[in-house]
Each structure stands twice: as structure tokens, then as C-alpha cells.
Amino acid sequence: MRNKFINDLLKNSKALQAIIGNIGDAISIQDAELRVLYQNDAHRKLIGDHAGEYCYKGFHRRDSACEGCILVTAFQDGRVHTAVRTGTDDKGSIFAYMEITASPIKDANGAVVAGIEVARNITDRIKTEQKLSESKQLFEDVAEGIAESILLLSKEYKVLWANKAASQQTGLAMNELIGNYCYKATHQRKNPCEPPHDPCPVAELRKTGHPGTEEHVHYDKNGKKVLVELTVYPIKDAAGEIVRFVYISKDITERKRLEQEREELILELQDALAKIRTLKGLIPICVSCKKIRDDSGYWEQIESYICEHSEAEFSHGICPSCANKLYPDYYKDGK
């Protein structure tokens, strides 16, 4: 027998029956003993007509109330309760997710006389959320594996998300980094970066709409200087408006050090080469006096020519043969 209060409520309100009956969610009303007093069309299409049966028997083929039944809980504390239930096939695979809301129905004296259950199929929503969660996890896994610092910034320059490399580069823990301003976290500044020393690539992107790259000097929380190459990319909404920024900074401190060393080495080599002059090609020399003809056609001593065209210097002496020939009375047989 239907609960008299509910029966009178439904009987005396055709508008209420019409509204409940045409709602897309599956709606059922049970009395305090869990007998089914009412089902709307959506509910009957979902699990069949079980009016007058116990809900656990008609809906779930059980001999007693389901464990953790939120309708029983609503009867006990008089509050609204919500839970998500799953539908499984014979192999145990989930094919549906239902969001169940149980609310107590009270009479004029405030006594709970029945309960109403609303079942909404949220399978599509759950699957969409799962895909988004998987995509988010994949993005985070990829981002964590990147050596460059990555920050997700709001339009107000606040850090909304960061990878581990960003935490390491700034020396800030994640709870110190998230919610902080990028210019404070990376430059120890009180205001956004500005030209000429620190042109902000985010500000430039907002002007031009195109990604920009800059070289900056960053400082970690201990004041250690880090040379970085910054690149900023826009994130746009469906209307094409920029709503966030991806801020990537690559530590180029070591690269700059090596470049500086290379430049210094090149200058040293150029300086050394400028000091080195070598003789090469055919040199016209007299077979008799051994003078050399220069490019202007003048003949000059071999010593002068070599000194002029190289870094060589001469120290004069006399060989034994010449000494014996020139000074026979003083130098005989090498003595």
C-alpha cells in the first residue's frame, strides 16, 4: 500500500507528477521500509516497473538493503546524501556510472515518511574527466622529464603551475613557487621586468601576439646568478583570446662560459698569428754575394731581409772553414 502522505501529495498535484514524470533523470520514491511508491518514466525505462516492491529486491535482486545505502542514511539523519555507483557487466567491466542523490521527505510535523532518489547517468562526464586526467598526467610526466624550467603564468604574471626544473632553478619549493609572481621568483624583483636590461617576453607577446625569446639574468632565492634563454608561448581560449602563458627558461650559464672561453681563445690565437711571420715561396738570392732581391727590386743583405720578414734575429760568429781561410796565421786546422 502506498504511503498515504505521498499518495495524497502526488494525487493532489498533477503539475508535480507532470514535472517529475518528464524529468530526464531517473526518479523513485520509497517509504521508510524501502518499498517503491513511485517511479517516473525515466526510472521505469532504466530498470523496469517495480512499484510496490522493496527497492533492493526490485532494483538490485537482493534480499536485504544494500550496504552503504544512502537512502537509509538519509532516513537516519534527515539529510541529503550523494554517491556514485557503477554498473558492471558479467566480466566485471564498468559500463556505466550513476550519480545517486537521496533526500528525505518529511510530513507537516517534520517526521521523515519517505525518501526520494534521483539517479543521473554521468558515464560520459566521468569518461571525459578520466581522459582529461590522463592527458593532464601525460603532460605533467612529459614536463617533469624536460630539463628546462617551465612555468604556467596567468595574465597577472602569477605562477599557476611549475615543473621540478623550475623549482630547482629558482631554489624555491613548489609551495613557494606556485602563486608567486614570476618576476619575484626568477628576478627577485618587486615589479614586472622592463627594458632596457630585462625586456619582458610576456609583455612583448601581449603586444605582438607572437612568441618571443630573450636572454635574462635570473637569480635564485640565495642570490646565485643564472643566465637563461627565455621563450614565452600563448595559450588561447575558444574565442582566440590569450588567457595564459607558457614560460620556458633554459639555463645557458655553462654555454655562455664556454662561448666566452672560445672568444678569448680566438683573440689569443689571432694575436699570436699576427706576431708570426713566415718566409715562403721563391726567394731571389745572388749566387755570389748572397744578397736577396726584395719586392721593390733592391738587393739587401740576407740578414736584413730575414729580420724584416720574420721574427728571426742573428748573432754573428765564424765557422772553422772561414776562420782558417781568413785568418790562416791565427787559426790553423781548427785550432
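In the stretch 60-79, how many are on the phi < 0 side of the Ramachandran plot and open to solvent by 90 Å² or more (accessible area, probe 1.4 Å)?
Going through the stretch 60-79, the residues on the phi < 0 side of the Ramachandran plot turn out to be 60, 62-67, 69-77, 79.
Next cut, open to solvent by 90 Å² or more (accessible area, probe 1.4 Å) only: 60, 63, 67, 76, 79.
Matching residues across the stretch 60-79 total 5.
Has the stretch 267-285 got at least one residue that is assigned to a helix (DSSP H, G or I) and modelled with pLDDT of 90 or more? Yes, some residue in the stretch 267-285 is assigned to a helix (DSSP H, G or I) and modelled with pLDDT of 90 or more. Has the stretch 203-216 got at least one residue that is part of a helix (DSSP H, G or I), within 19 Å of the chain's Cα centre (by Cα), closer than 17 Å to residue 248 by Cβ and modelled with pLDDT of 90 or more? No. Each residue in the stretch 168-209 was checked for being surrounded by 14 or more Cβ atoms within 10 Å (Cβ to Cβ) and of a type in the set (Gly, Ala, Ser), and 3 of them qualify. Quick one: in the stretch 17-52, of everything that is open to solvent by 70 Å² or more (accessible area, probe 1.4 Å) and out of contact with any helix residue (DSSP H, G or I) (no Cβ under 8 Å at 6 or more places or on another chain), which residue is farthest from residue 97 (Cα to Cα)? That would be 33.
Conditions (1) exposed (fewer than 11 other Cβ atoms within 10 Å of the Cβ); (2) assigned to a strand (DSSP E or B); (3) not acidic (Asp, Glu), marked per residue:
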| site | (1), (2), (3) |
| --- | --- |
| 227 | no, yes, yes |
| 238 | yes, no, yes |
| 250 | no, yes, yes |
| 259 | no, no, no |
| 289 | yes, no, yes |
| 313 | yes, no, no |
| 329 | yes, no, no |
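Figure legend. Inter-residue proximity from the stretch 158-184: first residues within 15 Å of residue 148 (Cα to Cα), second residues open to solvent by less than 40 Å² (accessible area, probe 1.4 Å) and among the charged types (D, E, K, R), beta-carbon distance below 6 Å, spacing 6+ or different chains. Indicated pairs: 170/220; 171/220. Looking only at residues that are aliphatic (A, V, I, L, M) and closer than 17 Å to residue 188 by Cα in the stretch 217-257, which one is nearest to the chain's Cα centre (by Cα)? The residue in question is 230. Across the stretch 119-157, the number of residues qualifying as open to solvent by less than 80 Å² (accessible area, probe 1.4 Å) and within 27 Å of residue 190 (Cα to Cα) comes to 9.
For the stretch 80-97, which residues satisfy the criterion of being open to solvent by less than 30 Å² (accessible area, probe 1.4 Å) and either more than 20 Å from residue 27 (Cα to Cα) or at pLDDT 85 or above (or both)?
83
Here the strands (runs of 3 or more DSSP E) wholly within the stretch 34-133 that include at least 2 residues being of a type outside the set (A, V, I, L, M, F, W, C), more than 49 Å from the chain's Cα centre (by Cα) and within 20 Å of residue 22 (Cβ to Cβ) are 36-39. Of all residues in the stretch 286-315, those that are closer than 26 Å to residue 272 by Cα have Cβ atoms under 7 Å from Cβ atoms of residues that are modelled with pLDDT of 85 or more and open to solvent by less than 50 Å² (accessible area, probe 1.4 Å), 6 or more apart or on another chain, in 294/300; 302/292; 305/292.
The values are calculated or read from the model by the stated rules, or taken from the named source; none is laboratory data. Note that the structure is predicted; figures quoted are calculated from it, not measured. Because the Cβ atoms are built from the backbone with ideal geometry, glycine has one as well, and the counts that use them run over all protein chains shown. Each accessible area value is taken on the protein alone, full model and side chains, heavy atoms only, with ligands, DNA and RNA left out. Shrake-Rupley method; radii C 1.70, N 1.55, O 1.52, S 1.80 Å.
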